[in-house]
Amino acid sequence: MRDFIPVCEPLLEGNELKYVTDAVTTGWISSSGKYVTEFENAFAAYCGAKYAVAVCNGTVALHLMLVAAGIGNGDEIIIPSFTMAASAFAVCYTGAKPVFVDADKDTWNIDVSKIEEKITGKTKAIMPVHIFGNPCNLKEIRRIAQKHDLLILDDSAEAHGAEYEGVKTGLLADITSFSFFANKNLTTGEGGMVVTDRKDYYDRLRYFKNVCFPLDSPRVYEHADIGFNYRMSNIHAAIGLAQVERADDYRDMRIRNNKLYKKYLSNTSGIIFQKDEPNSLNVNWMNAVLIDPNKFGSSKEGIIAHLKSNGIETRLLFTGMHKQESLNKYGCDCSGSYPVCENLTANGFYLPSGSNLCEDEIRFICEKLIEAGARHL
Ligand SMILES: Cc1ncc(COP(=O)(O)O)c(C=O)c1O
């Protein structure tokens, strides 16, 4: 048993070092090397999609996705309030406004029953975020999008390999972005990807990602639009290719972790897990738990302190977008009530969730968690 169990750490057990060494020894360290294309092709194939474009992190993947979809000044994009700030910030980078919807009390994803009341004449798209790897109710989101002629721009930063009705993220929406930050189920350290089946989006993704160099003659220094340098390096892509080769293993390890947590905590009153969306495969990026302090016998703070004193790291959950001073200052409507999101922020936290956890460690974490409740009874 380790003295310290981190909340997450990357697993780099396959060809990562071999491919990185190759990239370094051959001198292909910029975005021009072969691993970028190989990683893009492998990830597109993994999702079952036609096109994938690698970028340098998940936040710019979101921005590039929005740009490719033509989102800009004056538009409104519906997003969940319970998400990572990057979902909202990327919308702001385009000049558009994020509009918030509370979380569903069971799945913790966007509450689809509250989307329509937020749609206005300016709404251009819905951005589902598959919270902690749990696919959103795409059936209902598609029905609403079709009815109001909206795009679906998917933030799959946390949901590599997740499935809804047997279809993987990457193919569930018009266009999808991913993050490969070090704590994700698949990682490149820092990195991101945008995936789509649409050739027009694919061309815009490649164009805006590379400072708007002309696509057909990239060495001509003539730029018809203002673009970005969002390129991924060959070194990062080398790690990514090796990760995709093990994608199903890494995904299954996360799912196994979740099953073990549920096994050891199932009889513990006051500990609530995220409910899987029906007809879906939740890839359990993070094992978050929500505490009902009255039933459990200790507050979130009490548990976190007890776990910490036993060498177990935890992490707080997101603060809602409607609570962010930055977004209020930007002009977002932060009024209204978001009780589910606020309960998650107040009473939820992540347990260690790395792919490499072993059953003994998960049992130990659960024992210490239960002990925290008993101590305060
Ligand atoms: C839902 C969501 N969107 C976007 C991002 C941004 O990804 P990155 O950290 O790679 O920029 C994250 C990161 O954790 C995320 O959780």
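Restricting the calculation to alpha carbons of the chain gives Rg and Dmax of 20.9, 71 angstrom.
Could you tell me what percent of the DSSP beta bridges with both partners in the stretch 1-145 are antiparallel, to the nearest 5?
Antiparallel: roughly 10 percent of the beta bridges in the stretch 1-145.
Charge dipole (Cα centre; +1 on Lys/Arg Cβ, -1 on Asp/Glu Cβ; no other charges) of the stretch 300-369 amounts to roughly 160 debye.
Expressed as a fraction of 2.2 N^0.38 Å, the value expected for a compact globular protein of N residues, the C-alpha radius of gyration of the stretch 61-199 is 0.95.
Per-residue ellipticity at 222 nm from helix content only, as computed over the chain with -39500 (n - 2.57) for each DSSP H run of at least four residues, stands at -11500 deg cm²/dmol.
Report the FRET efficiency, 1/(1 + (r/R0)^6), for Ala182 and Ile255, where r is their Cβ-Cβ distance and R0 is 25 Å, rounded to 0.05. Here the calculated transfer efficiency is 0.80.
Take the alpha carbon gyration tensor of the stretch 149-288, find the square roots of its eigenvalues, order them as a ≥ b ≥ c, and report rounded if a/c is under 1.5; if not, report prolate when a/b exceeds b/c, else oblate. Because a/c hits 1.5 or more and a/b exceeds b/c, the stretch 149-288 counts as prolate. For the stretch 3-10, 3J(HN,Hα) computed residue by residue from phi via the Karplus equation (6.51, -1.76, 1.60; θ = phi - 60°) reads 5, 10, 10, x, 5, 6, 7, x Hz, glycine and proline entered as x.
Of the solvent-accessible surface of the chain, computed with a 1.4 Å probe and all protein chains present, 51% belongs to carbon and sulfur.
Distance between the pseudo-spin-label points of Glu116 and Ser299 (7 Å out from Cα toward the beta carbon): 4.1 nm. Amide H contacts for Val101 (H built 1.01 Å from N in the peptide plane; partners 5 or more residues away or on another chain; cut-off under 5 Å): Ile79, Ser81.
What is the stretch 37-113 by shape, rounded, prolate or oblate, if you read a ≥ b ≥ c off the alpha carbon gyration tensor as root eigenvalues and call it rounded for a/c under 1.5, prolate for a/b larger than b/c, and oblate otherwise? Oblate. Between Ser337 and Gln146, the distance separating the two model label sites (each 7 Å from Cα on the Cα→Cβ line) works out to 3.4 nm. Accessible surface for the stretch 14-143, divided over its residues, is 36 Å² per residue with a 1.4 Å probe. Taking 28 Å as the limit for the C-alpha separation, the pairs Lys275/Lys323; Lys34/Lys124; Lys97/Lys295 exceed it in the case of Lys34/Lys124; Lys97/Lys295. Positive-end ranking of Ile141, Val67, Thr25 along the dipole of the chain, with charges on Cβ about the Cα centre, is headed by Ile141. Of all DSSP beta bridges confined to the chain, the antiparallel ones make up roughly 60%. Spatially close Lys pairs in the stretch 128-224, defined by Cα atoms under 20 Å apart and a spacing of eight or more places or different chains, total 5. Straight Cα distances below 16 angstrom link Lys18 to the aspartates and glutamates Glu38, Glu245, with same-chain residues fewer than 8 positions distant left out. Spin-label pair Thr21-Asn73: with each label point 7 Å from Cα along the Cα-Cβ axis, the two points sit 5.3 nm from one another.
Along the stretch 136-142 the Karplus relation, 6.51 cos²θ - 1.76 cosθ + 1.60 evaluated at θ = phi - 60°, assigns HN-Hα couplings of 6, 6, 5, 4, 6, 5, 5 Hz to successive residues, with x for each Gly and Pro. Projecting the Cα positions of Tyr164, Pro98, Ser337 onto the charge dipole of the chain (unit charges on Cβ atoms of Lys, Arg, Asp and Glu, taken about the Cα centre) puts Ser337 furthest along the positive direction. Would you mind pulling out the separation of the Cα centroids of the stretch 234-284 and the stretch 325-369, in Å? A separation of 16 Å, based on Cα centres. In this structure the amide hydrogen of Tyr164, modeled in the peptide plane, comes within under 5 Å of the amide hydrogens of Thr169, Leu281, none closer than 5 places in sequence on its chain.
Relative to the longest principal axis of the C-alpha atoms of the chain, give the angle of the C-alpha long axis of helix 300-309, reported between 0 and 90° and rounded to the nearest 10°. Approximately 90 degrees, to the nearest 10. With contacts taken as Cα pairs under 8 Å and at least 6 residues apart, the chain reaches a relative contact order of 24 percent. Structure remark: mean-square fluctuation, Gaussian network model of the chain, C-alpha springs under 10 Å; the largest value among Phe208, Phe82, Phe100 belongs to Phe208.
3J(HN,Hα) couplings calculated from phi for the stretch 58-70 with the Karplus curve 6.51 cos²θ - 1.76 cosθ + 1.60 (θ = phi - 60°) are, in sequence order, x, 5, 6, 4, 4, 4, 4, 4, 5, 5, 4, 7, x Hz; Gly and Pro show x. Would you tally the net charge around Ala224, using a Cβ to Cβ cut-off of less than 14 Å, leaving Ala224 out, and scoring K and R as +1, D and E as -1? Every neighbour counted, the sum reads -3. Once the chain from Thr37 to Lys105 is taken as fully extended at 0.36 nm per residue, the excess over their C-alpha distance is 20.4 nm. Amide H to amide H distances under 5 Å link Ile5 with Ile312, Glu313, where only residues 5 or more positions off or on other chains count and H is placed in the peptide plane. Considering only Glu222, Glu38, Glu325, the Gaussian network model of the chain with Cα springs below 10 Å gives its largest mean-square fluctuation to Glu222.
The values are calculated or read from the model by the stated rules, or taken from the named source; none is laboratory data. These numbers were taken from a predicted model, which means no experiment stands behind them. FYI the Cβ positions are ideal-geometry reconstructions off the backbone, even for glycines, and counts take in every protein chain you see. To get the accessible areas, we keep the full protein, side chains included, count just its heavy atoms, and leave off ligands, DNA and RNA. Shrake-Rupley method; radii C 1.70, N 1.55, O 1.52, S 1.80 Å.
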